[in-house]
Amino acid sequence: MGKKNTSLGCFFWLAFILLIALLFFINKDNIARVFENTNAMSIFQKKEPQQEKEIEADLQGIQNEIEKIRAAEKAEEASEKKTEIKPEETPNQAQKTEKKDSGEEKTQKDTKPKEEKKIASQKSNEKTAKTEVQSVKKTQENKNKEESKKEEPKLEQKKEKRNYKVYLAKIDSDGKLVRKAVMRQLIKTDSPLTDAIQSLLQGPTTEEAKQGFRSFIPPDTKLLSIEVKNGVAEVNISEDFQFNRYGIEAYQAQLEQIVFTACEFSTVSSVQFLINGKKKEYLGAEGIWIGSPLSVNSFVR
């Protein structure tokens, strides 16, 4: 049983990996397109190659000098070990060797501070080179951020807008409910009818409300879909559209608002209402007919 379980586990993971690879291969064009659109590849690409090459060359030169100094120090240590291993010398030779040693010590004392200064200067050069590289990278990142910020408002400015006629309701001086059209400026998209109905469902703006405009469409109503077939717009809305507490006139007004707004488009001549995707014959307890497409002529006041 243990061997079967392990073999099944291995087969499962192999199948999973092959599935991921297959999905990646199928969607490679989409992935490449996303990388191009989002400019994500620029994160992984090196910028300012000439400056980086120059900095790398300076660092390489500094490392070569450090290696030369280390080799000289090793040679001196080896020479000191050889002098310690030599046999006993005569007094004259000892004096000569002492003089030589004293001379070498002086030269070593003279050379050591110079070498230490060189090493210190080289280390400082390395630090400055690193800081320069970091500063260059930071400036490049800041430039990219500033450019992206500048591009965002440009894109917003490029978005075209279009005027749409939306129908609301208003109570006149005689106390009668009157249908009124208002103009709204919306961003131009590929689905203008959907945009207009969505804007209508949001109710009157603050300026429109100050002028006495109101909407009798229930506030929780949501647009689920719109599809135009042979001049008939099938408007699929949520079930909240069925419940209006203001009576039969309010039911008629909410239907008029959608029908008149939709029929402003040349491709729409009538509207068929669907509640949660299903066709119903009557709306609300008052029983207003919605079983067939409604046009502008369906409402007579």
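Report the paramagnetic label zone for residue 162: residues of region 251-266 whose backbone N is under 13 Å from a point 7 Å from Cα along the Cα-to-Cβ axis. Residues 264-266 fall inside that zone. In the structure shown, the pairs 176/222; 210/279; 159/280 are assessed against 32 Å; a Cα-Cα span above that value is assigned to 210/279; 159/280. Taking a sphere under 14 Å around the Cβ of residue 234 and counting the other residues whose Cβ falls inside, with K and R at +1 and D and E at -1, yields a net charge of +3. The modelled label-to-label distance for the pair residue 16/residue 276, using points 7 Å beyond Cα in the direction of Cβ, is 3.9 nm. In this rough spin-label picture, where each label sits 7 Å from Cα along the Cβ direction, the residue 80-residue 269 distance is 10.7 nm. Rolling a 1.4 Å probe over the protein heavy atoms leaves residue 23 with an accessible area of roughly 80 Å². Per the Kirkwood formula applied to alpha carbons, region 239-288 shows a radius of gyration over Rh ratio, Rg over Rh, of 0.98.
With R₀ set to 51 Å, the beta-carbon distance separating residue 289 from residue 210 gives a calculated FRET efficiency near 0.90. Note on residue 238/residue 181: beta-carbon distance plugged into 1/(1 + (r/R0)^6) with R0 of 22 Å gives a FRET efficiency of 0.35.
The values are calculated or read from the model by the stated rules, or taken from the named source; none is laboratory data. Worth saying up front: this structure is predicted, and the values here are computed from it rather than measured. Please note: Cβ atoms are built from the backbone with ideal geometry, for glycine as well, and neighbour counts cover all protein chains shown. Areas reflect the complete protein model, heavy atoms only, side chains present, ligands, DNA and RNA absent. Shrake-Rupley method; radii C 1.70, N 1.55, O 1.52, S 1.80 Å.
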